[in-house]
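Some notes on the structure that comes next.
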Amino acid sequence: MSLRFLTAGESHGERLTVILDGIPAGLTLREEDLVVDLRRRQGGHGRGGRMALEQDGAHIVAGVRGGLTLGSPITLEIVNRDWENWRQVMAVDAAEVKRKPITRVRPGHADLAGMLKYGADDARDVLERASARETAARVAAGGVAKLLLKEFGIQVRSYTRSIGAIACEAGASIDWDAVESSAVRCPDAQAGAAMVAAIDAARERGDTLGGVFTVVADGVLPGLGSYRQWDTRLDGLLAQAIVSIPACKAVSLGDGMEAARRPGSEVHDSPTYDGGGLHHETNRAGGVTGGISNGEPVVVHGFMKPISTLLKPLKTVDLKSREPARAHYERSDICVVPAAGVVGEAMVALVLAGAVLEKFGGDSIPELRRNVEGYLAKVRG
Ligand SMILES: Cc1cc2nc3c(=O)[nH]c(=O)nc-3n(C[C@H](O)[C@H](O)[C@H](O)COP(=O)(O)O)c2cc1C
């Protein structure tokens with residue numbers, strides 16, 4: 001694998017850490033480049049109180065000198081400001097830790113499965129890592145991947161396609177300024193207002209909502225990924241990356257699930273040739289055919305289930321007493337589709353950056369650029 005990353009850290013622990021290995025030398029990387037996406041992940045109407053506490057930023061600890069990557073592993077750290085309030089609950093030292101076991105497991109969360117798996121008698125030991133706080137570390141790593149992609153004219157963005165039953169009518173051309181100024185990252189102002197109202201109504205009812213986000217990568221070079229093996233296909237890699245986002249339960253590319261309902265004559269994208277080169281008349285495939293990027297924008301949709309911590313808790317069992325109970329509640333989000341879109345961008349960027357490095361190699365940015373340019377001259381010629 002040309003690009004790898006590992007994250008560590010508990011939701012209310014001292015900090016999150018990510019090690020990103022495989023970024024070539026010579027990429028300009030500053031902490032301020034990573035803040036924007038970290039803050040975008042924290043936003044969106046429907047987030048809980050936690051996000052107001054955290055003001056995420058990534059501290060570069062290793063892999064960069066004088067503003068340029070060294071080709072060595074990059075280590076980033078994100079401090080959890082809330083940790084101050086959790087020092088005792090999350091203490092590393094056995095003499096200091098304060099335990100108040102959570103045993104009323106939340107339906108739909110990792111609590112029960114995690115407790116069975118790890119032999120835990122306190123869901124705190126499970127939920128601290130299962131929590132999507134971990135996705136902040138992915139967004140930091142994704143920020144580096146985005147900078148690499150930018151060197152080659154590839155831009156990865158996302159918008160909210162639906163929340164609950166409210167869907168937006170986004171055409172092929174998205175108003176990205178409207179997305180960034182929308183409280184729910186929706187390009188359609190009317191649908192966005194209805195989404196905000198739906199989230200408020202769910203909050204009133206003590207309920208939560210899911211929805212669909214869409215990630216669009218423009219400027220993707222043709223030829224990334226391969227049909228060579230199951231685990232080299234770009235569509236497969238994208239699908240795994242997106243479904244790995246907590247609460248994301250399905251993924252589709254391009255017209256995806258719709259394509260399964262239509263005849264072939266209404267699904268496939270015909271290639272055309274104009275002065276500017278080879279294109280497709282449509283992009284129903286979402287930019288990937290045969291497990292290979294085909295030069296069109298890569299379009300991936302992530303389907304989020306509703307958040308499983310409800311203000312009006314669901315029925316469960318208390319694992320200690322084995323009696324019926326109402327699930328544990330702690331400060332929680334109502335709807336995270338807009339934030340999940342930002343995490344989706346990071347995951348898509350990491351997959352695409354990995355595929356670029358896999359195909360073109362190179363230990364430095366100039367070497368990678370020479371390789372890309374040589375290939376593009378051949379493809380475009
Ligand atoms: C950005 C983001 C924020 C989330 N915030 C919460 C939350 O506040 N409360 C909650 O119960 N689940 C939240 N989730 C979802 C849980 O992390 C997820 O449902 C849980 O880990 C179980 O995994 P699964 O739903 O993939 O099975 C969030 C997910 C994302 C992507």
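Please determine, by comparing only the residues of the stretch 1-18 that are of a type in the set (S, T, N, Q) and modelled with pLDDT of 95 or more, which one is nearest to the chain's Cα centre (by Cα).
Applying the first criterion (of a type in the set (S, T, N, Q)) to the stretch 1-18 yields 2, 7, 11, 17.
After this cut, where a residue has to be modelled with pLDDT of 95 or more as well, the list is 7, 11, 17.
Working: Thr7: 14, Ser11: 17, Thr17: 17 Å.
For the stretch 1-18, the residue satisfying everything is Thr7.
Just checking, how many residues over the stretch 1-50 are of a type in the set (Gly, Ala, Ser), out of contact with any Leu (no Cβ under 6 Å at 6 or more places or on another chain) and within 16 Å of the ligand (Cβ to nearest atom)?
Taking the stretch 1-50 as the starting set, the residues that turn out to be of a type in the set (Gly, Ala, Ser) are 2, 8-9, 11, 13, 22, 25-26, 43-44, 46, 48-49.
In the following step, the residues that additionally are out of contact with any Leu (no Cβ under 6 Å at 6 or more places or on another chain) were identified as 8, 11, 13, 43-44, 46, 48-49.
The next check asks that each one be within 16 Å of the ligand (Cβ to nearest atom); those that pass are 11, 13, 43-44, 46, 48-49.
Residues that pass the stated criteria total 7.
Would you mind finding the one in Thr135, Thr75 that is modelled with pLDDT of 95 or more, of a type in the set (Ser, Thr, Tyr), surrounded by 15 or more Cβ atoms within 10 Å (Cβ to Cβ) and within 17 Å of Glu31 (Cβ to Cβ)?
Numbers: Thr135 fails: within 17 Å of Glu31 (Cβ to Cβ).
When all the criteria are applied, what remains is Thr75.
Test each condition in (1) within 27 Å of Thr28 (Cβ to Cβ); (2) in contact (Cβ under 8 Å) with a residue 24 or more places away in the chain for Val179 and report the one that comes out false.
Here Val179 meets the rest and fails (2).
Do the conditions hold for Asp56, that is, is it part of a loop (DSSP other than H, G, I, E, B) and either within 16 Å of the ligand (Cβ to nearest atom) or within 17 Å of Leu20 (Cα to Cα) (or both)? Break it down into steps so the answer makes sense when it comes.
Working: part of a loop (DSSP other than H, G, I, E, B): yes; either within 16 Å of the ligand (Cβ to nearest atom) or within 17 Å of Leu20 (Cα to Cα) (or both): yes.
Yes, satisfied.
Out of Val372, Val343, Val356, Val351, report the one residue that is touching a Leu at 6+ places or on another chain (Cβ under 8 Å), in a helix (DSSP H, G or I) and within 21 Å of Thr214 (Cβ to Cβ).
Among Val372, Val343, Val356, Val351, only Val351 is touching a Leu at 6+ places or on another chain (Cβ under 8 Å), in a helix (DSSP H, G or I) and within 21 Å of Thr214 (Cβ to Cβ).
Answer yes or no as to whether Val298 is more than 16 Å from the ligand (Cβ to nearest atom), of a type outside the set (Lys, Arg), touching a residue at least 60 places away in the same chain (Cβ under 8 Å) and under 24 Å from Val343 (Cβ atoms).
Values: more than 16 Å from the ligand (Cβ to nearest atom): yes; of a type outside the set (Lys, Arg): yes; touching a residue at least 60 places away in the same chain (Cβ under 8 Å): yes; under 24 Å from Val343 (Cβ atoms): yes.
Judged against the criteria, Val298 is a match.
Has the stretch 170-190 got any residue that is crowded, with 24+ Cβ neighbours inside 10 Å, of a type in the set (A, V, I, L, M, F, W, C) and farther than 17 Å from Arg41 by Cα?
no
Kindly indicate whether any position in the stretch 264-280 is within 22 Å of Leu238 (Cα to Cα), aliphatic (A, V, I, L, M), in a helix (DSSP H, G or I) and touching a Lys or Arg at 6+ places or on another chain (Cβ under 7 Å).
No, because not a single residue in the stretch 264-280 is within 22 Å of Leu238 (Cα to Cα), aliphatic (A, V, I, L, M), in a helix (DSSP H, G or I) and touching a Lys or Arg at 6+ places or on another chain (Cβ under 7 Å).
Somewhere in the stretch 84-95, is a residue surrounded by 14 or more Cβ atoms within 10 Å (Cβ to Cβ), in contact (Cβ under 8 Å) with a residue 60 or more places away in the chain and not in a loop (DSSP other than H, G, I, E, B)?
yes
Where the second residue is of a type in the set (A, V, I, L, M, F, W, C) and surrounded by fewer than 17 Cβ atoms within 10 Å (Cβ to Cβ) and the first is more than 19 Å from Ala8 (Cα to Cα) and touching a residue at least 60 places away in the same chain (Cβ under 8 Å) and lies in the stretch 107-133, which pairs have Cβ atoms under 6 Å and are six or more apart or on separate chains?
Going by the 6 Å Cβ cut-off, the qualifying pairs are Pro107/Leu314.
With in contact with a Phe, Trp or Tyr (Cβ under 7 Å, 6 or more places away or on another chain), modelled with pLDDT of 95 or more and within 22 Å of Gly48 (Cβ to Cβ) as the only criterion, which of Val126, Val89, Val105 stands out?
Every option except Val126 fails the conditions.
Which of the helices (runs of 4 or more DSSP H) found entirely inside the stretch 124-220 contain at least 1 residues meeting this: away from the ligand (no atom under 16 Å from the Cβ)?
Details: elements: 124-130, 135-150, 176-181, 189-205.
Where helices (runs of 4 or more DSSP H) fall fully within the stretch 124-220 and carry at least 1 residues being away from the ligand (no atom under 16 Å from the Cβ), they are 135-150, 176-181, 189-205.
Look at the stretch 90-123 and say how many of its residues are of a type in the set (D, E, K, R), more than 12 Å from the ligand (Cβ to nearest atom) and touching a strand residue (DSSP E or B) at 6+ places or on another chain (Cβ under 8 Å). Steps first, please.
The initial filter retains those residues of the stretch 90-123 that are of a type in the set (D, E, K, R), namely 93, 96, 98-100, 104, 106, 111, 117, 121-122.
Now drop any that are not more than 12 Å from the ligand (Cβ to nearest atom), which leaves 93, 96, 98-100, 104, 117, 121-122.
If we keep only those that are touching a strand residue (DSSP E or B) at 6+ places or on another chain (Cβ under 8 Å) as well, we get 104.
Final tally of qualifying residues: 1.
Give the residue, chosen from Gly275, Gly291, that is more than 16 Å from the ligand (Cβ to nearest atom) and on the phi > 0 side of the Ramachandran plot.
Details: Gly275 fails: on the phi > 0 side of the Ramachandran plot.
Going through Gly275, Gly291 in turn, just one is more than 16 Å from the ligand (Cβ to nearest atom) and on the phi > 0 side of the Ramachandran plot: Gly291.
Select, from Ala167, Ala145, the only residue that is crowded, with 21+ Cβ neighbours inside 10 Å and either under 19 Å from Val336 (Cα atoms) or not acidic (Asp, Glu) (or both).
Working: Ala167 fails: crowded, with 21+ Cβ neighbours inside 10 Å.
Unique residue meeting the criteria: Ala145.
Check whether at least one residue in the stretch 31-39 is assigned to a strand (DSSP E or B), buried (at least 16 other Cβ atoms within 10 Å of the Cβ) and out of contact with any Lys or Arg (no Cβ under 6 Å at 6 or more places or on another chain), and report yes or no. Break it down stepwise before answering.
Residues of the stretch 31-39 that are assigned to a strand (DSSP E or B), as a first pass: none.
Checked against the condition, which is being assigned to a strand (DSSP E or B), buried (at least 16 other Cβ atoms within 10 Å of the Cβ) and out of contact with any Lys or Arg (no Cβ under 6 Å at 6 or more places or on another chain), the stretch 31-39 yields no hits at all.
Filter the stretch 240-272 down to residues that are within 16 Å of the ligand (Cβ to nearest atom) and either charged (D, E, K, R) or without any contact (Cβ under 8 Å) to a residue 24 or more places away in the chain (or both) and give me whichever is surrounded by the most Cβ atoms within 10 Å (Cβ to Cβ). Full working, then the answer.
Here is the first cut: in the stretch 240-272, the ones within 16 Å of the ligand (Cβ to nearest atom) are 240-251.
Keeping just the survivors that are either charged (D, E, K, R) or without any contact (Cβ under 8 Å) to a residue 24 or more places away in the chain (or both) gives 240, 249.
On the way: Gln240: 13, Lys249: 11.
Filtering the stretch 240-272 for residues that are within 16 Å of the ligand (Cβ to nearest atom) and either charged (D, E, K, R) or without any contact (Cβ under 8 Å) to a residue 24 or more places away in the chain (or both), the one surrounded by the most Cβ atoms within 10 Å (Cβ to Cβ) comes out as Gln240.
The values are calculated or read from the model by the stated rules, or taken from the named source; none is laboratory data. Keep in mind that this is a model prediction, so the values were computed, not measured. Here Cβ is always computed from backbone atoms with ideal geometry, including for glycine, and neighbour counts include all displayed protein chains.
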